[in-house]
Amino acid sequence: MLLLSVVALALAACEAAAAPGSSTARMTKYFGAYADEALTTFLGFGFTQDAASALSVTGTVGSESDLITTNDVDGYTYVGVVNGAATYDPTASFLAVTGTQPTEAGAEPASGSGKGYSRWQDVSGQTGVWYESAVWTVSSNGALSATWINPGGAGVTSPAVVHISPAIATFTSMTGEGNQIVRDFPEAEGVSSYYRIVPETEALEGYFAVFSDAAKTEFLGYADVSSTASASGGFSLTQDASDALIVKATVSAASNLVPVNEKDGYSYIGVVNGAESYTGGYVVVTGTRSTYAGAVASTGSGSGYSRYDDVKGATTWYESAVWTVTSDGSLSVNWVNPGSTSVALVGVMNSDTNYLRFSSSTYGYTQVYCGIVTEVA
């Protein structure tokens, strides 16, 4: 049995992912959207962009495995799942991921009165909350699914993640029917996503830099964090590292870039297009609201949807979870059209402007290489 010692439990958008070190990109829902071990006001684990606050777990590749944690602030050693009843129905409910007492592999759920059985019960004050710990199937790439054992021994597997919006609560949870939860909770941000164990070596932080080619033959500049108020509404280039946009990322695909020093209040660096479908031309790199991995573009009227719209007074379509990041920090974009078909885009520049664009074609543009670097060689 292969043992995985890991840094964080992260959200991922597809179970088919490569082992650490592979050149095949992973699909992640958020860059660095880790389970936060310190958010004790939540019934489960909240989310954080900071790897230093991430829940650290160790899992064994195989089925009916325990996830062991060493940094749960409430003193729980096991990361399990809880349900409000002994029998779990994935079409009508979900399993909350939280700290629990241990249960045996293949055992029926347990419960107890008072505190010390699960974080969920401790925080909520509910009694008779049912829990199981040895429910995890861990793949060789760290992908996770949970199988709840109902009374009588029948297992119910729940691979899909539901992210409940802050209007209700925000915590890690799993279900077999994410869309059902969305219908039950209209405010919920339910998506078809997955959990993964993400090694620390996959976390990147550095400057958003632009080069002439993948070999980094010529350094063209950094994305200028001070330029988002310019007439372009995007990012122009600067040679000054003190003005460079700094982003956090995880080696993955269909994911978000999280800015460290974006000055306009946007929590994501995404791209905007003039229409919901990309059919040619280019998209502009700018600060945006968030979209989920694999989701089609969003739009809105007024300010606060993208920096481009704020500056231009336009109404465009935006996507944030579009970035593919490789282990060397290189960046590319996949715009998702209606029908969930994606279009691969590469970085380009135009002679009449120096702000960052991505396009499916280099016609009329010069292709450039965009990447996350800690310094320019």
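Checking each residue in segment 349-374 for being assigned to a strand (DSSP E or B) and either charged (D, E, K, R) or touching a helix residue (DSSP H, G or I) at 6+ places or on another chain (Cβ under 6 Å) (or both) picks out only R357. Report yes if V225 is farther than 18 Å from S359 by Cα, β-branched (V, I, T) and open to solvent by 30 Å² or more (accessible area, probe 1.4 Å), otherwise no. Here the answer is no, as V225 does not meet what is asked.
Filtered by the rule that a residue be among the hydrophobic types (A, V, I, L, M, F, W, C), under 18 Å from A85 (Cβ atoms) and open to solvent by 50 Å² or more (accessible area, probe 1.4 Å), segment 97-142 gives a lone residue, W130.
Show me the strands (runs of 3 or more DSSP E) entirely contained within segment 275-348 in which 3 or more residues are within 30 Å of D213 (Cα to Cα), at pLDDT below 90 and not small (G, A, S).
Passing ranges: none, list empty.
Restricting attention to segment 165-173, does a residue exist that is at pLDDT 75 or above, out of contact with any Leu (no Cβ under 6 Å at 6 or more places or on another chain) and not in a loop (DSSP other than H, G, I, E, B)? Before you say what the answer is, go through the steps one by one.
Going residue by residue through segment 165-173, those that are at pLDDT 75 or above are none.
The answer is no, given that none of the residues of segment 165-173 is at pLDDT 75 or above, out of contact with any Leu (no Cβ under 6 Å at 6 or more places or on another chain) and not in a loop (DSSP other than H, G, I, E, B).
What is the number of the single condition among (1) touching a Leu at 6+ places or on another chain (Cβ under 9 Å); (2) assigned to a strand (DSSP E or B) that A253 does not meet? Every listed condition holds for A253 apart from (1).
Each row is one residue, and each column tells you yes or no for (1) in contact with a Gly (Cβ under 8 Å, 6 or more places away or on another chain); (2) open to solvent by 50 Å² or more (accessible area, probe 1.4 Å).
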{"position": "S301", "(1), (2)": "no, yes"}
{"position": "Y308", "(1), (2)": "yes, no"}
{"position": "T315", "(1), (2)": "yes, yes"}
{"position": "S320", "(1), (2)": "yes, no"}
{"position": "V325", "(1), (2)": "no, no"}
{"position": "G329", "(1), (2)": "yes, no"}
{"position": "S360", "(1), (2)": "yes, yes"}
{"position": "Y369", "(1), (2)": "yes, no"}
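When N261, N256 are checked against the criterion of being open to solvent by 20 Å² or more (accessible area, probe 1.4 Å) and either within 27 Å of A215 (Cα to Cα) or at pLDDT below 90 (or both), a single residue qualifies: N261.
Within segment 216-253, take every residue that is among the polar types (S, T, N, Q) and farther than 24 Å from E319 by Cβ and give me the one that is modelled with the lowest pLDDT. The residue in question is S226. Looking at the structure I just gave you, is V333 in contact with a Leu (Cβ under 6 Å, 6 or more places away or on another chain), crowded, with 23+ Cβ neighbours inside 10 Å and among the aliphatic types (A, V, I, L, M)? It is true that V333 is in contact with a Leu (Cβ under 6 Å, 6 or more places away or on another chain), crowded, with 23+ Cβ neighbours inside 10 Å and among the aliphatic types (A, V, I, L, M). Counting residues in segment 267-279 that are of a type in the set (D, E) and over 22 Å from S360 (Cβ atoms) gives zero.
Taken together, the criteria exclude S93 from residues that are modelled with pLDDT under 90, open to solvent by 40 Å² or more (accessible area, probe 1.4 Å) and of a type in the set (S, T, Y). Restricting segment 284-299 to residues that are closer than 23 Å to E205 by Cα and hydrophobic (A, V, I, L, M, F, W, C) leaves a set whose member that is surrounded by the most Cβ atoms within 10 Å (Cβ to Cβ) is A293.
The values are calculated or read from the model by the stated rules, or taken from the named source; none is laboratory data. Keep in mind that what you see is a predicted model, and the values were worked out from it rather than measured. Glycine also receives a Cβ, built like all others from the backbone with ideal geometry; neighbour counts cover every protein chain displayed. Note: areas computed on protein heavy atoms with side chains; ligands, DNA, RNA excluded. Shrake-Rupley method; radii C 1.70, N 1.55, O 1.52, S 1.80 Å.
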